[in-house]
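Visitor: Sharing a structure below in structure tokens format, with a few things to ask.
Values in this text are rule-based calculations from the coordinates and carry no lab data. These numbers were taken from a predicted model, which means no experiment stands behind them. Reconstructed Cβ throughout: ideal geometry from the backbone, glycine too, with neighbour counts over all protein chains shown.
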Amino acid sequence: MAFTVVRIAGAVYLIYLGIQMIRKRGDADAEAATAVAGQGMSSRRAYWTGMLTNLLNPKMVTFTIAFLPQFVNPELGRVWLQFAILGAILIALEFLVDGAVGVLAGRIGGWLRRRRAVRRRIDVTTGGIFVGLGVRLAVDRG
């Protein structure tokens, strides 16, 4: 019963978000506020927000706990050092990948801020997908 209530509430919320995205017109006030505020948050704030989000993400913690131990060999000794080295490698790779995604997202965001028609098409498409997912979730009996 509780699962059904949560599923239906989630479906209604997805449909609501989708309709809001489809109905949204170019909000000139929000665009002006973004332009005045320097077009978003500072790099430092974005970095710390991203780091905090990643550290508090239970999927990341679960992945690390499940992934790293399979590469640790207790017979080689110094298990803590093996974990530290593997953890440092994982952090470096995450920094490179997430950093590249951040830089590319920033450039794409700047490009989208200048192209209102493209943004509108993306909003309508995304809204339609949200509505479709919400409807599917609502009628799914699984």
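Visitor: Nearest 20 debye, what's the magnitude of the dipole of the chain about its Cα centre given +1 on Lys and Arg Cβ and -1 on Asp and Glu Cβ? Can you show the working numbers first?
Guide: Details: 18 positive and 8 negative charges, 147 e Å.
Here the chain has a charge dipole of around 700 debye.
Visitor: Please report, ordered by residue number, every helix of the chain (full DSSP H runs) that is 20 Å or longer along its axis going by C-alpha atoms and whose mean Kyte-Doolittle hydropathy reaches -0.5.
Guide: 2-23, 79-113, 116-139
Visitor: Something else now. Per DSSP helix of 4 or more residues, -39500 (n - 2.57); summed, then divided by the residues of the chain. What does that give at 222 nm, rounded to the nearest 500?
Guide: -27000 deg cm²/dmol
Visitor: While we're on this one: Name the residue farthest towards the positive end of the dipole of the chain from the options Ile19, Tyr47, Pro58, assuming +1 on Cβ of Lys and Arg, -1 on Cβ of Asp and Glu, about the Cα centre.
Guide: Ile19
Visitor: In addition: Evaluate E = 1/(1 + (r/R0)^6) for Val97 and Phe3, where r is the Cβ-Cβ distance and R0 equals 41 Å; express this FRET efficiency to the nearest 0.05.
Guide: Numbers: r = 35 Å, r/R0 = 0.85.
So the FRET efficiency works out to roughly 0.75.
Visitor: Related question: Can you tell me how much longer the chain between Arg113 and Leu137 gets when fully stretched, taken as 0.36 nm per residue apart minus their C-alpha distance, in nm with one decimal?
Guide: 5.4 nm
Visitor: Continuing with the same structure: Once Kirkwood radius over Cα pairs in Å is worked out from the coordinates, which option in (1) 19.3; (2) 16.2; (3) 15.5 does it equal?
Guide: From the options (1) 19.3; (2) 16.2; (3) 15.5, the structure gives (1).
Visitor: Below 8 Å between Cα atoms, with a sequence gap of 6+, how large is the relative contact order for the chain in percent? Provide the component values of the computation, followed by the final result.
Guide: On the way: 65 pairs, mean separation 91.8, N = 142.
RCO, the chain: 65 percent.
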